[in-house]
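Trainee: Could you have a look at this structure, given as structure tokens, before my questions?
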Amino acid sequence: MSEIKTIDLGDVTLAYKEFGSGDKYLLSTQNFFLTDCHMELLGKEPYDYHTFLVYMRGYGRSSHIDGPTPQNFTRIWGEDLIRFAGAMGIPSFYYTGVSHGNWAGWHIAFHRPELLRGFVCVDGIAQYHDSGEARPPFQAPDPDQLVGNYEALEKMAWMESWPTNNPQRLARRAANHKEHTEILMSRTREEFTVRNQGDMSCCGAVSREDFYEKLSKIPVPVLIWNGGLDPLAKAEDALQIAQTIPGASLLTYQHLGHGGADECPEMAARDCDRFFKDTEGRIL
């Protein structure tokens, strides 16, 4: 297991794990990384990526955030990753993440596309929500009731419920749930107060039309990788985004839901590698 290192960027410290070597860089940022996630696998044989897994500001050994004041974390986490790349001397890189880990990728694709050699958005998409759009109310949990509370955290931990009898998937589900519960048990009070209140379009879109107009100008090779059963990044929404971005690809697995890549990381790593190789000679 790779050790967790830190880098001081002046006003913020970012923790990260490093796998592989060379100048074929792959970056990802998440609030947690499961062991042998697809991003980690890409930094190991048979793949040849120099992979950095960066812990988002607010979590783990990265700088924590005081207070529950709403902030645009889609921008903060994207800009943190840009600064990380600059500090590490990384001129350009591939990007992939799972669910919330895609926001930094989208932010960079919209605002600093010259840094991205390719982007595989896994189990999550950028989304535009109208200010008056009806959405389920969010009840923030009381952080004081969560810290060290195994029973409560075990219920919050990573869990998939899509039908399968495959023993490999069932074993991975159990392992992921156990590991994520342990991660949550190690969190401090501040980590439970961080909640994205920002721009899920990742581009400052002021309308749905504006969102799709900005998507249509992304020059980065993009693959949308999703589960057909995903209730958060719905297949029809993923299709519309893939139809809008020039040269984008869409890969949907009918039997997977949200978090399918964490359940089948070997499959996600294989698909990322194939796509990244294809970007070298892509035809628009």
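Trainee: Just to confirm my numbers, what's the Cα centroid distance between the range 168-220 and the range 1-41 in Å?
Mentor: 17
Trainee: Using square roots of five times the C-alpha gyration tensor eigenvalues, list the equivalent-ellipsoid semi-axes of the range 52-135 in whole Å, biggest first.
Mentor: Calculated on Cα positions only, the semi-axes equal 22, 18, 11 Å.
Trainee: Here is a further query. Once you place label points 7 Å from the Cα toward the Cβ at residue 182 and residue 195, how far apart are they in nm?
Mentor: Each label point is offset 7 Å from its Cα along the Cβ direction, giving 2.9 nm.
Trainee: Something else about it: Using the Cα centre as the reference, give the magnitude of the dipole from point charges on the C-beta atoms of the range 213-269 (Lys, Arg: +1; Asp, Glu: -1; all else neutral), rounded to the nearest 20 debye.
Mentor: Computed about the Cα centre, the dipole is about 280 debye.
Trainee: Longer than 32 Å from Cα to Cα, which of 5/234; 44/217; 214/277; 234/277; 178/277; 44/214 are they? Say none if no pair is.
Mentor: Pairs exceeding the cut-off: 5/234; 44/217; 178/277; 44/214.
Trainee: Give me the extension gain from residue 170 to residue 6: residue separation times 0.36 nm, minus the current Cα-Cα distance, reported in nm with one decimal. Intermediate results must be reported in sequence, preceding the final value.
Mentor: Values: separation 164, 0.36 × 164 = 59.04 nm, distance 3.43 nm.
Extra length available between residue 170 and residue 6 comes to 55.6 nm.
Trainee: Additional query: Just the number please: accessible area per residue for the range 238-284, 1.4 Å probe, all protein chains included, in Å².
Mentor: Averaged over the residues of the range 238-284, the accessible area is 47 Å².
Trainee: Give the residue list of trypsin sites (Lys or Arg not before Pro) in the range 199-276 that are DSSP loop and have at most 13 other beta-carbon atoms within 10 angstrom.
Mentor: 217
Trainee: Divide, for the range 1-100, the radius of gyration over alpha carbons by 2.2 N^0.38 Å, where N is the residue count.
Mentor: Details: Rg = 13.2 Å, N = 100, 2.2 N^0.38 = 12.7 Å.
My calculation over the Cα atoms of the range 1-100 gives 1.04.
Trainee: Can you give the % of DSSP beta bridges in the chain that are antiparallel, to the nearest 5? Numbers along the way, then the final one.
Mentor: Numbers: 8 of 31 bridges.
Here the antiparallel bridges make up roughly 25 percent for the chain.
Trainee: Net charge near residue 43, counting Lys/Arg +1 and Asp/Glu -1 over other residues with Cβ under 13 Å of its Cβ?
Mentor: Numbers: positive: 17, 24, 44; negative: 18, 36, 40, 45, 48, 273.
My count for the surroundings of residue 43 gives -3.
Trainee: Continuing with the same structure: Using 0.36 nm times the number of residues separating residue 159 and residue 83, minus their current alpha carbon distance, what extension gain do you get?
Mentor: 24.1 nm
Trainee: Quick one: Debye curve from the alpha-carbon atoms of the chain only, equal weights, vacuum; give me log10 I(q)/I(0) at q = 0.10, 0.11 Å⁻¹ to two decimals.
Mentor: Here the Debye-derived log intensity ratios amount to -0.51, -0.62.
Trainee: When the Cα centres of the range 65-106 and the range 248-284 are compared, how far apart do they sit, in Å?
Mentor: Taking the Cα centre of the range 248-284 as reference, the centre of the range 65-106 is 21 Å away.
Trainee: Which net charge results for the neighbourhood of residue 173, defined as the other residues with beta-carbon distances under 10 angstrom from its beta-carbon, given Lys and Arg at +1 and Asp and Glu at -1?
Mentor: Summing Lys/Arg as +1 and Asp/Glu as -1 gives 0.
Trainee: Moving to a separate point now. What number comes out for the charge environment of residue 113, summing +1 per Lys or Arg and -1 per Asp or Glu over other residues with Cβ under 14 Å away?
Mentor: So the surrounding residues net to +3.
Trainee: Roughly speaking, what is the stretch gain from residue 280 to residue 255, that is 0.36 nm per residue apart minus the C-alpha to C-alpha distance, in nm to one decimal? If you can, show how the numbers build up before the last one.
Mentor: On the way: separation 25, 0.36 × 25 = 9.00 nm, distance 3.01 nm.
Length gained, residue 280 through residue 255: 6.0 nm.
The values are calculated or read from the model by the stated rules, or taken from the named source; none is laboratory data. Being a predicted model, the structure only gives us computed values, none of them experimental. Virtual Cβ from ideal backbone geometry, glycine too; neighbours counted across all protein chains shown. The area values use the complete protein model at the heavy-atom level, side chains included, leaving out ligands, DNA and RNA. Shrake-Rupley method; radii C 1.70, N 1.55, O 1.52, S 1.80 Å.
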